[in-house]
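I have placed the structure first, in the form of structure tokens, so that the comments after it can refer back to it.
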Amino acid sequence: MISTSAIVTDIEGTTSAISFVKDVLFPYADEHLDAYVAAHRNDPVVAHAMTEAAVEAGDPDADDATILAQLHAWIAADRKATPLKTLQGLIWAEGYAKTGLLGHVYPDVPAVLQTWNAAGIELYVYSSGSIVAQKVLFAHTFAGDLTPLFSGYFDTTTGPKREAASYLEIAADTGFHPGEMLFLSDTEEELDAAREAGLQAARLLRPADTPAGATTKHPAYVDFAALSADVAVA
């Protein structure tokens, strides 16, 4: 039994299919990036992201065309670059609003999140996608708006997901002792970092998103329903 006061969950491969992000969201952002930046270039958030991207690419004086080319390359490489994630989140937010796109969550997820929330477990998201991207995904699911179930969101501005310091920062920000928290992910290195920080950890081995022969040293579950049977409120 896992006794916890707070659950921090990853998104890709954990609450949501990797294919949705790779095959739907990434191509959408790639297609609309140039037009979105052109339309919103004077927005301070967009301007800051473009400046950050130029710096991260090692060319602070680059023009917009050069920066956009770099951003497209980062999308193709699935680079976890904060300025890219910022822009992707903004583009997706506009896309959800304009197209009626639904953010994918696995069918088992909404009911279990509701059960944990009703039991008094605080729920948080920690994903490499920006906080804006996290919120708009959970706000537009087949089960409706799930954002009221979450107490907070964390992204790469907190730190890399494979470093223990990031999880210590999350614990400090939420006010929980690390041992009171449970981190959920499909990525072994992220779970290792969370455990190093003192959090409990469990791996999602969803059949659609788990490589053949994958092994783990952490408690493992095929979905949230199976996991929920082992979770108790601390």
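Read-outs: derived from the displayed coordinates by stated rules, not from any lab. Note that this is a predicted model, so its numbers are computed, not measured. Methodologically, a virtual Cβ is constructed for each residue, glycine included, from the backbone with ideal geometry; neighbour enumeration extends over all protein chains shown.
A few remarks follow.
- In nm, spacing of pseudo-spin labels at residue 26 and residue 208 (7 Å Cα→C-beta vector): 1.7 nm
- Within the listed set 23, 223, 192, the residue fluctuating most in the Gaussian network model of the chain (springs between alpha-carbon atoms under 10 angstrom) is 23.
- Sorted ascending by nearby beta carbons within 10 Å, beginning with the fewest, 196, 189 become 189, 196.
- In terms of its C-alpha gyration tensor, the chain has a prolate overall shape, because the principal axis ratio a/c (a ≥ b ≥ c, square roots of the eigenvalues) is not below 1.5 and a/b outweighs b/c.
- Given charges at Cβ of Lys, Arg, Asp, Glu: the chain dipole, positive-most of 82, 70, 111: 111
- Across the stretch 135-140, rounded Karplus estimates of 3J(HN,Hα) from the backbone phi angles (6.51 cos²θ - 1.76 cosθ + 1.60, θ = phi - 60°) give 5, 6, 5, 6, 7, 10 Hz, Gly and Pro being marked x.
- Label-point gap, in nm, between residue 223 and residue 114 - each point 7 angstrom along Cα→Cβ: 1.6 nm
- Relative to one another, the C-alpha centroids of the stretch 104-138 and the stretch 1-72 are positioned 20 Å apart.
- For peptides 175-183, 8-16, sequence by mean Cβ density within 10 Å, most packed first: 8-16, 175-183
- Modelled FRET efficiency - R0 30 Å, residue 35 with residue 143, Cβ distances, 0.05 increments: 0.45
- Here 85, 217, 135, 80 are placed in order of increasing Cβ neighbour count within 10 Å, fewest first, which gives 217, 80, 135, 85.
- Cα gyration tensor, the stretch 21-99 - rounded (a/c under 1.5), prolate or oblate: oblate
- Shape class for the stretch 111-151: oblate, because the ratio a/c of the largest to smallest gyration tensor axis (alpha-carbon atoms, square roots of eigenvalues) is 1.5 or more and b/c is at least a/b.
- Estimated from the Cβ-Cβ distance and a Förster radius of 30 angstrom, the FRET efficiency linking residue 79 and residue 5 is about 0.30.
- For the chain, size of Cβ-based charge dipole, Lys and Arg +1, Asp and Glu -1, in debye: 480 debye
- Listed from fewest to most Cβ neighbours within 10 Å, the set 222, 24, 132 follows the order 222, 24, 132.
- Simple spin-label estimate for residue 230 and residue 55 gives 4.2 nm between the two label positions (7 Å along the Cα-to-Cβ direction from each Cα).
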